[in-house]
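The structure appears below as structure tokens.
The values are calculated or read from the model by the stated rules, or taken from the named source; none is laboratory data. All values derive from a computational prediction rather than experimental measurement. When we count neighbours, we look across all protein chains shown, and the Cβ atoms used for this are built from the backbone with ideal geometry, even at glycine. Heads up: the accessible areas ignore ligands, DNA and RNA and are worked out on the full protein's heavy atoms, side chains in. Shrake-Rupley method; radii C 1.70, N 1.55, O 1.52, S 1.80 Å.
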Amino acid sequence: MSALGIETAADEQGGPARPRPRRAGVALAGFALPVVLAVLWEIAVRSGFANGRLMPPPSVVGATLWSLAASGELFTHAAATLWRVAAGFALGAAAGTLLGAVTGALPVARGLIDPTLQALRAIPSIAWVPLFILWLGIFEASKVALIAVGVFFPVYLGVAAAIQGIDRKIVEVGRVFRLGRLAMARRVLLPAILPAWITALRSGLGLGFMFVVAAEIMGASEGLGYLLVDGQQLGRPDTIIAAIISFAVLGKLADGLLVALTRPVLAWQDTARDKL
Amino acid sequence: MLSFETLSKTYADGTQALSAVTLDVAQGEILALVGGSGCGKTTLLRLIAGLDRPSAGRILLDGEAIAEPRADVGVIFQEPRLFPWLSVAENVGFGLSHLSAFEREGLVTNALVRVGLGGHDRRWPRELSGGQQQRVAIARALVTRPKLLLMDEPFSALDATTRASLHGHLLALWGESRPTVVMVTHDVEEAVTLADRIVVMQPKPGRVFDAFDNPLARPRDRLSPAFEAAKREILRSLDRSLRDEAPHQQKAAETAGMWW
Ligand SMILES: Nc1ncnc2c1ncn2[C@@H]1O[C@H](COP(=O)(O)OP(=O)(O)OP(=O)(O)O)[C@@H](O)[C@H]1O
Ligand SMILES: [Mg+2]
């Protein structure tokens with residue numbers, strides 16, 4: 001009996017390893033289209049079919065990226081952008097988690113706070129910018145505040161919904177085992193909302209990157225968004241595209257970092273894991 | 001001893017799930033509750049577990065009124081209700097957090113072997129079949145050695161073989177520590193196999209219709225004529241409990257017949 005059990009267990013563990021090569025193949029297939037398009041564009045520009053002034057070929061963009069990186073400029077800009085996103089994300093995620101938990105757990109708080117927050121959510125966040133600049137000045141504080149606002153709402157909504165959606169049946173098991181308030185929160189409620197919370201943080205992070213672009217375009221002396229504006233004013237599409245690529249890479253890396261950090265606590269999930 | 005005194009439960013929407021149930025369950029007795037769907041069996045179990053409050057009457061366990069879940073009462077629900085974020089072993093050991101890791105591990109391993117899941121300790125609940133999950137839930141409730149064990153159709157999701165083997169395990173465990181057991185079942189054969197007494201309930205409002213003392217000595221032979229006879233007697237009572245339930249429906253049918 002137990003030998004049989006061990007066998008099946010080993011089988012299960014060996015199971016997920018098998019499709020991996022195929023998954024890698026799919027991931028590589030995803031690169032095919034952009035690579036082919038890039039190569040075609042490169043050929044078109046080099047052979048004189050297209051002029052490539054407004055849409056520089058990959059080699060030019062690559063060279064620009066390289067020179068920006070070599071001069072240390074790219075690093076300065078990326079660091080400035082990352083710092084703003086990190087600060088805004090930390091503030092927004094903390095506030096969103098806290099308020100989401102409070103309104104999710106306490107109906108009274110939900111009745112009091114949620115309508116106001118829903119109304120505020122209806123305001124396009126960029127509309128806050130003039131006010132933030134008046135209140136907080138044109139430097140870092142107003143940018144971080146804008147990003148925090150962007151991060152706040154998805155986190156708030158996700159946490160509140162997750163808490164309200166906790167399965168009553170599983171909470172009852174906690175009651176049967178006579179868990180106190182604290183133990184119930186730690187051993188049942190927290191693990192139950194963890195997946196939804198992490199999903200909320202990820203969409204918050206995505207919005208954080210969206211808003212840092214807005215904040216930096218509207219006035220900054222450094223940052224990848226500044227690089228965008230600079231490229232526009234100097235008529236350098238290669239700089240703009242280099243900045244766009246940097247944004248994409250940074251966003252993907254930050255999301256990947258969040259996923260990697262939270263992977264251990266979500267090991268029990270199967271469906272969501274495969275989607276990531 | 002467990003006793004119900006004119007126990008009633010009316011839900012917030014006005015459903016009378018239980019009405020004046022009075023019953024005594026002796027220490028160490030296995031009591032089976034059978035009855036048609038919706039006659040308040042789950043409601044009664046939830047009241048005993050302290051998960052709901054009665055609307056009237058009370059439940060006494062060793063002279064103490066039950067108002068909330070108690071440490072010495074184990075519950076097995078109709079569904080497995082495992083924590084998906086805990087491994088099989090961690091689920092089983094959920095109620096043993098006061099013990100040292102070493103002690104806990106020993107008890108958990110032992111409990112898993114007893115339900116036929118030895119070697120599955122480190123798997124996730126999602127990797128188990130429905131029946132295996134229910135067996136983990138059974139192990140989780142039994143591992144704390146409760147004085148009173150409440151089971152809501154614990155075996156209904158299992159195949160006949162597994163069910164028979166778990167009946168054996170349950171009786172073996174019961175033989176060791178003699179807990180009082182109150183179990184709900186739809187399966188009359190299961191009731192006759194396990195229970196000392198079988199209570200037939202009647203719906204709308206839920207109440208006790210009849211009670212049978214099981215005359216068969218353990219171990220019970222399912223193929224013996226006496227077993228068959230006991231089974232038939234309870235089936236007949238069940239039948240009556242359901243017919244008595246709807247005399248006006250019958251009348252309605254008659255009038256309908258006249259109209260035609
Ligand atoms: N939370 C609730 N709110 C309102 N009514 C309820 C609730 N739970 C159960 N009921 C009603 O109470 C009655 C008894 O329900 P209960 O679940 O105790 O039946 P049961 O005997 O366990 O049935 P089954 O054999 O189908 O599991 C039913 O009419 C049901 O609709
Ligand atoms: Mg039921």
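With the condition being farther than 22 Å from B:Ala160 by Cα and open to solvent by 50 Å² or more (accessible area, probe 1.4 Å), I'd like the strands (runs of 3 or more DSSP E) fully within region B:179-248 carrying at least 3 qualifying residues.
Per the criteria, B:207-213.
Please go through region A:187-211 and pick out each residue that is at the interface with chain B (Cβ under 10 Å from one of its Cβ atoms) and open to solvent by less than 60 Å² (accessible area, probe 1.4 Å).
Answer for region A:187-211, where residues must be at the interface with chain B (Cβ under 10 Å from one of its Cβ atoms) and open to solvent by less than 60 Å² (accessible area, probe 1.4 Å): A:Arg187, A:Val188, A:Pro191, A:Ala192, A:Leu194, A:Pro195.
Is one or more of the residues making up region A:82-95 surrounded by fewer than 17 Cβ atoms within 10 Å (Cβ to Cβ), touching a residue at least 40 places away in the same chain (Cβ under 8 Å) and touching a helix residue (DSSP H, G or I) at 6+ places or on another chain (Cβ under 7 Å)?
Scanning region A:82-95 turns up at least one residue that is surrounded by fewer than 17 Cβ atoms within 10 Å (Cβ to Cβ), touching a residue at least 40 places away in the same chain (Cβ under 8 Å) and touching a helix residue (DSSP H, G or I) at 6+ places or on another chain (Cβ under 7 Å).
If a residue has to be touching a helix residue (DSSP H, G or I) at 6+ places or on another chain (Cβ under 9 Å) and within 16 Å of ligand 1 (Cβ to nearest atom) to count, how many in region B:24-45 make the cut?
6
Looking at region B:68-83, I want the residues that are within 8 Å of chain A (Cβ to nearest Cβ) and have a partner that is surrounded by fewer than 24 Cβ atoms within 10 Å (Cβ to Cβ) and among the acidic types (Asp, Glu) with Cβ atoms under 6 Å, at least 6 apart or on another chain. Which pairs are those?
B:Phe77/B:Asp152
Would a scan of region B:140-159 turn up a residue that is within 12 Å of chain A (Cβ to nearest Cβ) and without any contact (Cβ under 8 Å) to a residue 24 or more places away in the chain?
So far as region B:140-159 goes, no, none of its residues is within 12 Å of chain A (Cβ to nearest Cβ) and without any contact (Cβ under 8 Å) to a residue 24 or more places away in the chain.
Please note which helices (runs of 4 or more DSSP H) are completely contained in region A:192-276 and include at least 3 residues that are more than 19 Å from A:Glu73 (Cα to Cα).
A:237-262, A:271-275
Does B:Arg53 satisfy being within 16 Å of ligand 1 (Cβ to nearest atom), more than 17 Å from the chain's Cα centre (by Cα) and on the phi < 0 side of the Ramachandran plot?
So B:Arg53 passes the test.
Which one of these does B:Ala17 not meet: (1) within 30 Å of A:Leu190 (Cα to Cα); (2) among the aliphatic types (A, V, I, L, M); (3) within 11 Å of ligand 1 (Cβ to nearest atom)?
(1)
Residue-wise test of (1) β-branched (Val, Ile, Thr); (2) at pLDDT 90 or above; (3) more than 30 Å from B:Leu117 (Cβ to Cβ); (4) over 17 Å from the mean Cα position of the chain (by Cα).
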position: B:Ala160; (1), (2), (3), (4): no, no, no, yes
position: B:Gln202; (1), (2), (3), (4): no, yes, yes, no
position: B:Leu235; (1), (2), (3), (4): no, yes, yes, yes
position: B:Leu238; (1), (2), (3), (4): no, yes, yes, yes
position: B:Ser241; (1), (2), (3), (4): no, no, yes, yes
position: B:Gln250; (1), (2), (3), (4): no, no, yes, yes
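Only residues that are open to solvent by 70 Å² or more (accessible area, probe 1.4 Å) and assigned to a helix (DSSP H, G or I): list them for region A:170-186, please.
Within region A:170-186, A:Arg175, A:Arg181, A:Leu182, A:Arg186 meet the criteria.
Out of all the residues in region B:96-115, which are surrounded by fewer than 22 Cβ atoms within 10 Å (Cβ to Cβ) and either within 16 Å of ligand 1 (Cβ to nearest atom) or within 12 Å of chain A (Cβ to nearest Cβ) (or both)?
Matches in region B:96-115: B:Leu96, B:Ser97, B:His98, B:Thr109, B:Val113, B:Arg114.
Hey, among A:Pro154, A:Pro124, A:Pro130, A:Pro115, which residue is within 17 Å of the chain's Cα centre (by Cα) and more than 30 Å from B:Thr42 (Cβ to Cβ)?
Among A:Pro154, A:Pro124, A:Pro130, A:Pro115, only A:Pro154 is within 17 Å of the chain's Cα centre (by Cα) and more than 30 Å from B:Thr42 (Cβ to Cβ).
So B:Ile76 clears everything in (1) in contact with a strand residue (DSSP E or B) (Cβ under 8 Å, 6 or more places away or on another chain); (2) aliphatic (A, V, I, L, M); (3) open to solvent by 10 Å² or more (accessible area, probe 1.4 Å) except one condition, right? Which one?
Single failed check for B:Ile76: (3).
Are there helices (runs of 4 or more DSSP H) fully within region B:40-149 with at least 1 residues that are within 16 Å of ligand 2 (Cβ to nearest atom)? List them.
B:41-49, B:130-142
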